[in-house]
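Step one of this worksheet: look at the structure below.
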Amino acid sequence: MKHLFIGLTFLSFNSFAQKDGNQKPETVYSIAKEERALKWYEDQLKLWKAEVDKNPKNGTAWTNYYASARALRNTNPHGSEERKKHTELCAQIAGEVQKAMPNTFEGYFIPFIENEGAWGSPEGLLKAAAINPDDPRLLDEMMIHYAMERNQQQFDVYGQKMFNTNELPVGLLNWGYNVVSELDENAILFTSGDNDTYAAWIMQAAKKMRRDITVVNTSLIELEGYRNRLLKELGYPPLTVKEPESDEEYLQKKKQIYAHFFQGKRPVYVATTAISLFEKDFGDKLYLTGLAYKYSESNFDNTAVIRRNYEKRYLLDYLKEVFSYNIGDLKAQEFNGMYVPSMIKLYKHYSETEETLKKQELELLLLKVSEQSGQQSEVFELLSEQNKPVSILSAVLDLKTLEKNMIPVNGNIYMDKYEVTNGDYSKFLNNLKISGQNELYQTAMYDSTQWMKEKFAVSFNNPMMEMYHWHPAYQNYPAVCVSYEGAKAYCEWLTKQYNLQRKRNYTQVVFRLPTELEWRAAAGSGDPKAITPFPNNQIQTCDNCYLGNIRTSKDRFFDDGGFHQVKVSSYQPNKLGLYNTFGNVSEMTGTKGTALGGSWFDLFEECTFDKKQQYSTPMPTIGFRVVMEIIEK
C-alpha cells in the first residue's frame, strides 16, 4: 500500500474554457473532491495526452494527463484488467514526465506521487516544494510529510496554506470544527480518509484549535516509523507488528494497532467516517457521541453527551445555508449526513423529556440536513409517525435518479434499466442494521463466502470474497451472493422508501421482482420470444468487439472486457434501454430459484433468454433487477 489517500493532490489548473463539453480538456480533480463518469475520465485522458504530445514541456497537461489515468485506476476494482492497464499507464506517465521535464515541479512531483507517496522517500516532494512551496498540488502531501516527521512548525505552515487557498469546502471545515470540539481533553481521534483527516488537521494547524488532541489516520498508522514516533510522543510503548503475508494477517495487524491505542491512558474516539473499520472487532465498546464514537469499557450516558455537543459545542448554522462555492461542496453535503444518527437520538430524547421548543428547532434542522443528504424519507417517517417503529435511512436515496432509471415496458409496469448495485443494496442493509431489524439483516446480508465455494473455489476469486461487497470501487457493480428472501425484502424496503417521498412522481407504487414473462419480454425489447438482445443474435460485432459480459470459451473470461461482473452501465442497452440483460449476472425472477439472462460465468448458449439458471443458495453469478408497478398515479 504505497499511497495514503486517493488524494486532494491533483487540483490542477488550466486555461481552457469549458464551453464545448468534452471537446476541450478540462481540469481533472481528485475523486476525493469530485467524481465524474468513467467515460469523462477516458475522454480527458485522450485530450490531455494530445496536449502533452503537442508540447512535452506543458506541466499543466502532464498533471491532468496523470490525474485522468490515476482516477481511472482508482475507480476500477482491484484485479480488473482496466485497473491493471491504468496502473501501468500511471507508472509510464511518471517516467515520461521525469524525462520530458527534468528538474521541474512536475518532473519531481508526479514521480513522487506515483512511486513514493507517504510510504517512500520524500526526496521528490521536497525538491518540488523547493521550486514552488505554495503550489496547491503539494500542500496536502507536505502536511502528511510533516505530520509523519512530527514537525509541528512546518505542519502548521502547510495547514495554514491549505486553509488560505480553500482546498477544502467550508462545509468540511465546519464538520472538522465540530468533530474535534466534542472530544475529551488529550483525546485520540481515528480518521480514515482524505477529507475527514484534513478537516481536523486544518482546524488544529490554521485555527489553533484543540491542539491537545491527536488525529490518527488509519492508513498512516500502519507505518512503523511514524507509529512509534507518535507513540513515544504520547507516552505509549512502541509497537512492532509483523508484516502481513495474507489478507487475514493484514486485518489482524490493523486490529492489533487499534487495540494498542484503545488500551492506553488517553480517551479514544473513532470518527463516524471511520466506524466501519472498527465495528466488527470493537463495536460493542464504541458509543455514539455525535460525530464520533467514544471507546469505553463500560456503559455511559451517551445521550447526555450528544445533547451537550449540540447545545454547547457545535456550530450548526452552516447546515442551514452555505454562502460560498467549492468544487468539493457535494462531498461536504455527504458529510452532513453524518449528523443524522445523533440528531435522531437527540430528537427522541427531546420527545421523551417533552422539551417541545428544542424538539421543534431540531426538527427543522433535521429536515434541512436530510434534504441535503437525501435521507428525507426515513426522517419524514420519524417526524410524522412517532408511535410506529422507525427505520433510519443511513445513506442517500436518490429519488430523481430512481425515477429516471425506470423504463416503461408494458402499461403501468416499469423496469429499472440497471441491475441493483452494491451501493443500492448497502443502503438497504445499513437501514436494517441501524433500525435494529437484526433478524432480517442476517437474512438479507451478502454471503461473500460463496465466492470460494464449489465451482468458484479458485484463487483469483479470493479478492472478490474479501472486497467485492464493501470496497467503493465496486459500488456500481451488481449486487450478488444475495438470497431470494433478501432481494424480496429489498423490494419491500424500496417500496416503503419511495412512497414516503414527498416529491415523488407517483402517488403509490410497488417495487418487486419481475415475473418470468415480464423479464423475457423486457429483455427482448418487447418480444417475449427473443433469445438475445443482439442484432441477428450475434454477441460480437464485425470487428470482434463483444456486446455483453459472458464466458467467451471454456477457459476464457476476459475477451469481452470483464473477468468477473462489470459495472451495471457497461455495454450498450437493448432497444428499450435496459443494460446487461444478457450476461453479467443472471437475474432473479418472482419464481424462487429461477433466474434468467446468464452471467459472466456462463457460455453464450447458457445465457439465451429461453434458458433458465436454477439456484438454491446465494451465488456470485446471481443478482436481480427491480420492476416498478404503478398502483396509483
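The values are calculated or read from the model by the stated rules, or taken from the named source; none is laboratory data. Note that the structure is predicted; figures quoted are calculated from it, not measured. Every residue, glycine as well, gets a Cβ built from its backbone with ideal geometry; the counts of neighbours run over all protein chains shown. Note: areas computed on protein heavy atoms with side chains; ligands, DNA, RNA excluded. Shrake-Rupley method; radii C 1.70, N 1.55, O 1.52, S 1.80 Å.
Between Lys455 and Lys57, what is the spin-label point distance in nm, taking each point 7 Å from the Cα along the Cα→C-beta axis?
Going from the Lys455 label point to the Lys57 one covers 6.1 nm.
Separation of region 224-300 and region 417-494 by C-alpha centroid, Å?
Cα centres, region 224-300 to region 417-494: 27 Å.
How much accessible area per residue does the chain have, in Å², with a 1.4 Å probe?
For the chain, the per-residue accessible area is 45 Å².
Between Asp284 and Trp40, what length comes free when the chain is fully extended (0.36 nm per residue of separation minus the Cα-Cα distance, one decimal in nm)? The partial results should precede the final answer.
Details: separation 244, 0.36 × 244 = 87.84 nm, distance 4.32 nm.
Using 0.36 nm per residue and subtracting the Cα-Cα distance, I get 83.5 nm.
State, to one decimal in nm, how far the label point of Glu311 lies from the label point of Asp134, with both points 7 Å from Cα in the Cβ direction.
Those two pseudo-labels are separated by 4.7 nm.
Of all beta bridges DSSP finds with both residues in the chain, what is the antiparallel percent, to the nearest 5? Present the calculation step by step, with values, prior to reporting the outcome.
Working: 26 of 36 bridges.
Rounded to the nearest five, the antiparallel share is 70 percent.
Roughly what would the spin-label model give for Glu233 and Ser296, points 7 Å off Cα along C-beta, in nm?
Calculated label separation equals 2.8 nm.
Strictly over 29 Å apart at the Cα level, which of Lys232/Lys285; Lys400/Lys529; Lys242/Lys280; Lys39/Lys207; Lys348/Lys503; Lys33/Lys254 would you flag in this model? Present the calculation step by step, with values, prior to reporting the outcome.
Values: Lys232/Lys285 26 Å; Lys400/Lys529 33 Å; Lys242/Lys280 22 Å; Lys39/Lys207 40 Å; Lys348/Lys503 26 Å; Lys33/Lys254 27 Å.
Result: Lys400/Lys529; Lys39/Lys207 exceed 29 Å.
Between Asp610 and Lys127, 0.36 nm times their residue separation minus their Cα-Cα distance comes to what? Intermediate results must be reported in sequence, preceding the final value.
Numbers: separation 483, 0.36 × 483 = 173.88 nm, distance 6.40 nm.
Computed gain between Asp610 and Lys127 is 167.5 nm.
Given a Förster distance of 22 Å, report the FRET efficiency between Thr240 and Trp119 from their Cβ-Cβ distance, rounded to the nearest 0.05.
Numbers: r = 17 Å, r/R0 = 0.78.
The value I calculate is 0.80.
FRET efficiency for Lys84 and Glu361, Cβ-Cβ distance as r, R0 = 56 Å, nearest 0.05? Intermediate results must be reported in sequence, preceding the final value.
On the way: r = 53 Å, r/R0 = 0.95.
With a Förster radius of 56 Å, E is 0.55.
Pull out the extension gain between Thr353 and Lys496, defined as 0.36 nm times the separation in residues minus the alpha carbon to alpha carbon distance; nm, one decimal. Don't skip to the end; give the middle numbers.
Values: separation 143, 0.36 × 143 = 51.48 nm, distance 2.97 nm.
Extra length from Thr353 to Lys496 when fully extended: 48.5 nm.
May I ask for the distance between the Cα centers of region 302-376 and region 571-588, given as a whole number of Å?
41 Å
Would you mind telling me the share, in percent, of accessible area of the chain contributed by carbon and sulfur at probe 1.4 angstrom?
Values: 13920 of 28210 Å².
So the carbon and sulfur contribution to the accessible surface is 49 percent.
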